[in-house]
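Heads up, the thing below is written out as structure tokens.
The values are calculated or read from the model by the stated rules, or taken from the named source; none is laboratory data. As the structure is a prediction and not an experimental result, all values here were calculated from the model. Please note: Cβ atoms are built from the backbone with ideal geometry, for glycine as well, and neighbour counts cover all protein chains shown. Note: areas computed on protein heavy atoms with side chains; ligands, DNA, RNA excluded. Shrake-Rupley method; radii C 1.70, N 1.55, O 1.52, S 1.80 Å.
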Amino acid sequence: MSPVLAGVLQLIALTAALALAYRPLGDYMAAVYSSPKHLRIEKVIYRCIGANADTQMRWPAYLRGVLAFSVVGVLFLYLLQRVQGSMPLSLGFASISPDQAFNTAASFVANTNWQSYSGEQAMGHVVQTAGLAVQNFVSAATGMAVAIALVRGFARARTGELGNFWADLVRGTVRVLVPIAVIGALVLVACGALQNFSGIHEVGQFMGGSQQTNGGAVASQEVIKELGTNGGGYFNANSAHPFENPNAFTNLFEIFLILVIPFALTRTFGKLVGNVKQGYAILATMGIIWLGFTALMMWTEFAHGGPALQAAGAAMEGKETRFGVGASSIFSVATTLTSTGAVDSFHSSFTAFGGGIQLLGMMLGEIAPGGVGSGLYGMLVMAIIAVFLAGLMVGRTPEYLGKKIGTREIKLAACYILITPTLVLGFTAASMVLPDALGSMLNTKALGAGSHGFSEVLYAFTSGANNNGSAFGGLNANTPWYNTTIGLAMLLGRFLPMVFVLALAGSLAEQKPIPETAGTLRTEKPLFAGLLVGTILIITGLTYFPALALGPLAEGLS
């Protein structure tokens, strides 16, 4: 079987698996977030944290819950790393330095999971399981809660109430993420992934000599790392490491975990607003972009440009022979179009245009299908922009799902889409003029490493501000400048958009529904899906094209 055919068949199998899971999982999540009842374990959790889960919150109260919970998470994870050296099961590792501890705490709480360290050489078992793995669950549940709050903004009228953050957080964790993670971890263990609390061992090598390796609760962290679109690996090689991703089946299974909840949430959206066709329109938009990017990536990486690529049969540099170009391309697009950031190959070694596709996928705002929760609310904000543009073109008042899109709503949506480009381009520009920051680029002696070096820095801040977490590995990001600035980009890129999303949800929930008329734009039709795709690509292209032209495009054309 040719590598191209193998890649296409894997893509077909993945699409079929996602299609089978779409309806039952989407309906189940709709039932979870609309149920009036609390499970017994949930009631215990509410008593422990002192929350009244039956209280309805307006958007300021909901936002305070999100921010308060996240601040506590950052502080706890920071302190856990700072005292690691004196804790049991630390594997003899020292406490983490202040700037790296801040970066890591911000990263995992913001659902980014950017790692400026080698996991097997820095983090002990307690930090990995009680710190990082816990944040993999709750940061994902926080994103889902904010998305559900926005959906309620469309579904409710004249109340301004968005539900209860604590109930949404706990339900997303207990009823959705934990059950799927348990089943997924058992699958990974059965397929050879590691799951223990062993210490450091000396392991012989085939070519002579030895190396040190340690165990860990790898399978349980790996599954929620993908399922919650987190991405932080137990080992530095991430999902390219055989302890995390043993074979071709687990590789495809992990891609499925990355995509299944973000895609299924469009079904949940349709059920909660009372019109599943609206969910299908959002699903179609996400699917068109995802399949298009995957096809472009596979074409780029299978193209035989140059004797080295021809000899290998494809662009095999930086890719695992266990997976090949096809599976690596599918994984790469899935992880950069979501907020996952996990990798089963070396992104910096992709072809120049392949690296540009990865960058563009993150620059879209990671909305196709995007992160768990963040993908849905990001796409709904873009849908509001598309409706507004359509209204301008035909001279009608823009409406979406029976809600008028007025001045306040457009200002909030505009603020949402401006935050990330400001962070990405601002921090990248600052790094280009600071000698210490330039010195972190690959193969640089003085003032830069050309277009690829620029792409490394652009990729780092694009990944951080979009809460992705993957990297072009040639950049040494473990410096005070990058640890601090990328940490700030991750926090601001995560929580500032949530402010505007929840304010938008509150504004919509206060409105009286507008009856549908002959002039209402039918947002469940293919025409609207096409308009939405065009809006996303045009906004992103106009914003980032100059930076892409200096980086991957210049490298690819040179």
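Here are some notes:
- All alpha carbon pair distances within the chain were sorted into 20 Å bins beginning at 0; the resulting P(r) in whole percents reads 22, 58, 19, 1.
- Helix-only [θ]222 nm of the chain, DSSP H runs n ≥ 4, -39500 (n - 2.57) each, per residue, nearest 500: -20500 deg cm²/dmol
- A Cβ-based charge dipole, computed about the Cα centre of the chain with Lys and Arg at +1 and Asp and Glu at -1, lands at about 1940 debye.
- Pairwise centroid distance, computed over Cα atoms, of the range 122-145 with the range 265-303, Å: 28
- Annotated for the chain: lysine pairs at least 8 residues apart or interchain, Cα distance under 25 Å, count 17.
- Sorting Phe353, Phe93 by solvent-accessible area of protein heavy atoms yields Phe353, Phe93, largest first, with a 1.4 Å probe.
- Taking all protein chains as shown and a probe of 1.4 angstrom, Arg267 keeps an accessible surface of around 10 Å².
- Residue-wise HN-Hα coupling along the range 533-542, computed from phi with Karplus coefficients 6.51, -1.76, 1.60 (Hz; x: Gly, Pro): 4, x, 4, 4, 5, 5, 4, 5, x, 5
- Packing-based order for 502-513, 223-234, using average beta carbon neighbours within 10 Å, highest first: 223-234, 502-513
- Alpha carbon Rg of the range 2-139, scaled by the compact-globule rule 2.2 N^0.38 Å: 1.42
- Residue (of Met362, Ile405, Gly378) at the positive-pole extreme of the range 354-498, dipole from beta-carbon charges: Ile405
- Rg(Cα) / (2.2 N^0.38 Å) computed for the range 216-275, rounded to two decimals: 1.36
- Here the mean projected area of the convex hull built on the C-alpha positions of the range 306-415 is 9.3 nm².
- The phi torsions of the range 321-326, fed into the Karplus equation with coefficients 6.51, -1.76 and 1.60 and a -60° offset, translate into couplings of 5, 5, 10, x, 5, x Hz, rounded to whole numbers, with Gly and Pro shown as x.
- Protein heavy-atom accessible surface, 1.4 Å probe, per residue over the chain: 38 Å².
- Solvent-accessible area, 1.4 Å probe, carbon plus sulfur percent, for the range 1-120: 69
- Here the range 126-187 has 71 percent of its accessible surface on carbon and sulfur atoms, given a 1.4 Å probe and all protein chains in place.
- With Cα atoms defining each centre, the range 472-528 and the range 541-558 are spaced 24 Å apart in the structure.
- Heavy-atom accessible surface of the range 215-335: percent carbon and sulfur, 1.4 Å: 66
- Assuming charge only on the beta carbon of Lys and Arg (+1) and of Asp and Glu (-1), the dipole of the range 372-438 about its Cα centre is about 360 debye to the nearest 20.
- When both the range 228-249 and the range 369-418 are represented by their alpha-carbon centers, they are found 36 Å apart.
- Our coupling estimate for the range 386-400, obtained by passing each phi through the Karplus curve with A = 6.51, B = -1.76, C = 1.60 and θ = phi - 60°, is 5, 4, 4, 5, 5, x, 5, 5, 10, x, 10, 5, x, 9, 9 Hz, Gly and Pro reported as x.
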